[in-house]
There are 2 protein chains.
Amino acid sequence: MNNNLDKIFAALGDSTRREILIMLLEDDMAVTDVAEPFDISLAAISKHLQILSKSGLIVQEKRGRVKWCKLQMHAMRDAAIWMESFGQFEQLNFDAFEIFLKQEKILHK
Amino acid sequence: MNNNLDKIFAALGDSTRREILIMLLEDDMAVTDVAEPFDISLAAISKHLQILSKSGLIVQEKRGRVKWCKLQMHAMRDAAIWMESFGQFEQLNFDAFEIFLKQEKILHK
DNA sequence: CTATTATTCAACCTTTTGGTTAAGTAATAA
DNA sequence: TTATTACTTAACCAAAAGGTTGAATAATAG
């Protein structure tokens, strides 16, 4: 039970993987390109990507010889919801917060 | 770098530890009482609590022969900020977020 | 002082994690 | 057809994680 939260949080518990996720925010990437900025082997990156896949935080889709990595925001959201529902983040209304932030932006301009 | 996010997320990546945190939401607890609902040894719970301590998610304070476990919400918040600032809440102003939360609380009373 | 209670520590075990290198597969380019 | 490119897999390793039991420590109760 709660197996996926386990996997999501565990996946986020490694800074290499968090960096990969941040990179994927910008665009989908091929495995080789994901590996490029890191100082570890391609095989190690391949394993990190498998962990991210199993957690649901990314999906990988093969087209030709290239395997594309694509961020899956909704998986992260599962973990975010757990945190939000925890303590002071209880029943946090994200939409309301977004509206609030926009208003703040206008006020501070 | 980002060592503490590593530890916080890793700590959250275990359902026993997440359950402990939920228990501590209600009140501070002694180690023995934390262990009570679980099917594992006291020593194992003691280790889980050490991991939670090192992550900063709890603090333990010894009074007499009892060691009290106390939730530290701000540590969880570090991880929450990372998640919130990921993707849809880019450039999140946490002060604004706190103000928002306070307003929300007042509104829901 | 002696038991009891609360908790940790030490030694051990198994599985997982994060890394390596070398070989294997599969698609494309020459 | 033969390289080359883009990966994954296999075999290995060291360290960490999550568990166990049994002994140690330390505070309180009797």
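Ranked by the mean number of other Cβ atoms within 10 Å of their residues, highest first, the peptides B:4-12, A:78-86 come out as B:4-12, A:78-86. Given a 1.4 Å probe and the protein chains as shown, A:M23 ends up with an accessible area of around 50 Å². Here's how it looks for B:I58: its modeled amide H is under 5 Å from those of B:S53, B:Q72, which are all 5 or more places away or on a different chain. Distances between copies at A:S15, taken between label points 7 Å from Cα along the C-beta direction, are 3.1 nm in increasing order. For B:D78, the distances from its label point to the matching points in the remaining copies are 2.6 nm, ordered from shortest, with each point set 7 Å beyond Cα toward Cβ. Here the calculated FRET efficiency for A:E36 and B:L25, from their Cβ-Cβ distance with R0 = 35 Å, stands at 0.25, rounded to the nearest 0.05.
For segment B:6-67, the percent of C-alpha pairs falling in each 5 Å distance bin, counted from 0 to the bin holding the largest distance, reads 4, 18, 33, 28, 14, 3, 0. A probe of 1.4 angstrom, applied to the heavy atoms of all protein chains, finds A:R63 with accessible area near 130 square angstrom. Per the accessible-area calculation with a 1.4 Å probe, the total area buried between chain B and chain A rounds to 3200 Å².
Each residue of segment B:13-22 is assigned a 3J(HN,Hα), and the resulting list reads x, 9, 5, 4, 5, 4, 5, 4, 4, 5 Hz, derived from the Karplus form 6.51 cos²θ - 1.76 cosθ + 1.60 (θ = phi - 60°), x at Gly and Pro.
The values are calculated or read from the model by the stated rules, or taken from the named source; none is laboratory data. This one's a predicted model, so the numbers in the text were calculated from it and none came from an experiment. Methodologically, a virtual Cβ is constructed for each residue, glycine included, from the backbone with ideal geometry; neighbour enumeration extends over all protein chains shown. Each accessible area value is taken on the protein alone, full model and side chains, heavy atoms only, with ligands, DNA and RNA left out. Shrake-Rupley method; radii C 1.70, N 1.55, O 1.52, S 1.80 Å.
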